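The structure under discussion appears below in the form of C-alpha cells.
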C-alpha cells in the first residue's frame with residue numbers, strides 16, 4: 001500500500017499584507033482533511049512555492065502538518081534544476097518528517113531522459129519518505145517518458161506519479177505498464193483518468209467542495225460510471241473557470257469569496273481579472289448549490305456554506 005491514492009489537494013499558500021498567513025493555511029488544511037480528502041501537498045505549483053524562501057516553505061509544512069494531524073498525510077513539493085541542490089534540500093526536509101515528497105522534473109535545462117532518470121535516482125536515494133514524480137512538461141519543458149518511469153520503479157521509494165502531460169495515451173501506458181500509482185494532475189481529465197484505472201488525483205479544484213471530488217473518486221472506484229459522469233458534468237464548469245486564468249489566481253479569488261483567505265498573490269502572479277471574477281462568482285454559486293453527498297443513505301440537509309467552511313478547523317490551537 002502507498003499513501004498516494006485518492007483525492008489529494010495541492011494547498012494554496014495564503015498571504016496577508018505580503019506575509020504568510022499561517023492561521024488561514026491551517027484553517028484550510030483542517031477543513032479539507034476533515035472533509036475526507038486523502039492527502040495534502042504543501043509548496044506545489046498551486047502553493048506558489050517558487051515565491052517562498054526556504055524558511056517560509058518550512059513554516060508552511062509544519063503548520064499544515066499540525067492542522068491536518070492524523071486525518072490525512074501531508075507531502076512536500078520540491079523542485080529545482082540542480083540535482084545537487086535538490087538532494088540537499090530533501091535531506092534538510094527529512095528532519096521535518098513529511099509523509100511524502102512530490103518532486104518535479106528539472107525545469108528549463110531540458111535534460112535527456114537519462115538525465116531525468118539520474119536526477120530522480122539521486123533524490124530517491126536520500127529521501128526518507130515515499131516519492132511521487134511530478135510530470136508537468138508545460139512548465140518544465142521536458143516530459144518524463146513512460147520508459148523512464150518504468151526504470152525509476154527500481155527505486156523502492158518511488159511509488160507514484162502526478163501526471164500532467166495532457167496525453168491520455170501516455171496516461172494509459174503508465175497505468176498499464178508500470179506499478180506506480182497514477183494520479184491525475186489535470187483536473188479537466190480527472191474523470192477520464194479515473195475511468196482508465198488511475199488511482200486518484202492531485203486536484204487544485206478540490207479546494208472547493210472536496211466532498212464532491214471524493215465522492216466522484218468513490219463512485220468510479222465502485223464501478224458506478226453513470227452517476228460519476230453526471231457528477232463530473234456538474235463540477236466541470238468550476239474546473240474550467242478555475243483554470244481560465246493562471247493558477248492559482250482564480251482559486252484564491254474563489255476562496256476569498258468564501259471568506260477563507262485574503263485575495264493576495266506574489267509577483268509575477270497577479271489577481272484574477274474583474275471579468276473573470278464575475279463568471280467565477282456565478283459558477284461558484286451554482287457549485288455550492290449542488291446537493292451534499294449522501295451519508296448513511298440520507299441526503300445532507302443543505303450544501304456546504306461559507307459559514308460552515310469557515311467554522312472548520314477551529315479548536316485546534318491554530319497559529320495566529
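With the range 111-189 as the region, which helices (runs of 4 or more DSSP H) entirely inside it contain at least 1 residues that are surrounded by 20 or more Cβ atoms within 10 Å (Cβ to Cβ) and in contact with a helix residue (DSSP H, G or I) (Cβ under 8 Å, 6 or more places away or on another chain)?
It comes to 113-126, 146-152, 168-177.
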Legend entry - Candidate set from the range 277-300 (those that are closer than 22 Å to residue 11 by Cβ and modelled with pLDDT of 95 or more); member that is surrounded by the fewest Cβ atoms within 10 Å (Cβ to Cβ): 288
Inset, instruction - Filter the range 90-110 down to residues that are part of a helix (DSSP H, G or I) and surrounded by 13 or more Cβ atoms within 10 Å (Cβ to Cβ), then give me how many there are. - result: 4
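For (1) within 17 Å of the chain's Cα centre (by Cα); (2) over 19 Å from residue 93 (Cα atoms), each residue gets a yes or a no:
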| site | (1), (2) |
| --- | --- |
| 128 | no, no |
| 132 | yes, no |
| 138 | yes, yes |
| 144 | no, yes |
| 158 | no, no |
| 171 | no, yes |
| 180 | no, yes |
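Conditions (1) part of a helix (DSSP H, G or I); (2) in contact with a helix residue (DSSP H, G or I) (Cβ under 6 Å, 6 or more places away or on another chain); (3) modelled with pLDDT of 95 or more, marked per residue:
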| residue | (1), (2), (3) |
| --- | --- |
| 2 | no, no, no |
| 33 | yes, yes, yes |
| 41 | no, no, yes |
| 45 | no, no, yes |
Inset, instruction - Scan the range 55-71 for residues that are over 21 Å from residue 133 (Cα atoms), assigned to a helix (DSSP H, G or I) and over 16 Å from the mean Cα position of the chain (by Cα) and jot them down. - result: 55, 56, 59, 62, 63, 66, 67
Inset, instruction - Mind counting the residues in the range 257-275 that are surrounded by fewer than 16 Cβ atoms within 10 Å (Cβ to Cβ) and assigned to a helix (DSSP H, G or I)? - result: 2
Inset, instruction - Pick out the one residue from 284, 194 that is touching a helix residue (DSSP H, G or I) at 6+ places or on another chain (Cβ under 8 Å), part of a helix (DSSP H, G or I) and under 30 Å from residue 150 (Cβ atoms). - result: 194
Inset, instruction - Scan the range 199-211 and give yes if some residue there is without any contact (Cβ under 8 Å) to a residue 40 or more places away in the chain, under 19 Å from the mean Cα position of the chain (by Cα) and surrounded by fewer than 21 Cβ atoms within 10 Å (Cβ to Cβ), otherwise no. - result: no
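Quick grid of which residues meet (1) surrounded by 15 or more Cβ atoms within 10 Å (Cβ to Cβ); (2) modelled with pLDDT under 95; (3) not in a helix (DSSP H, G or I):
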| site | (1), (2), (3) |
| --- | --- |
| 218 | yes, no, no |
| 230 | no, no, no |
| 233 | no, no, no |
| 247 | yes, no, yes |
| 255 | yes, no, no |
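The values are calculated or read from the model by the stated rules, or taken from the named source; none is laboratory data. Every value quoted in this text rests on a predicted model; they were computed, and no experiment measured them. Cβ sites come from the backbone with ideal geometry, for glycine too, and all protein chains shown count toward neighbours.
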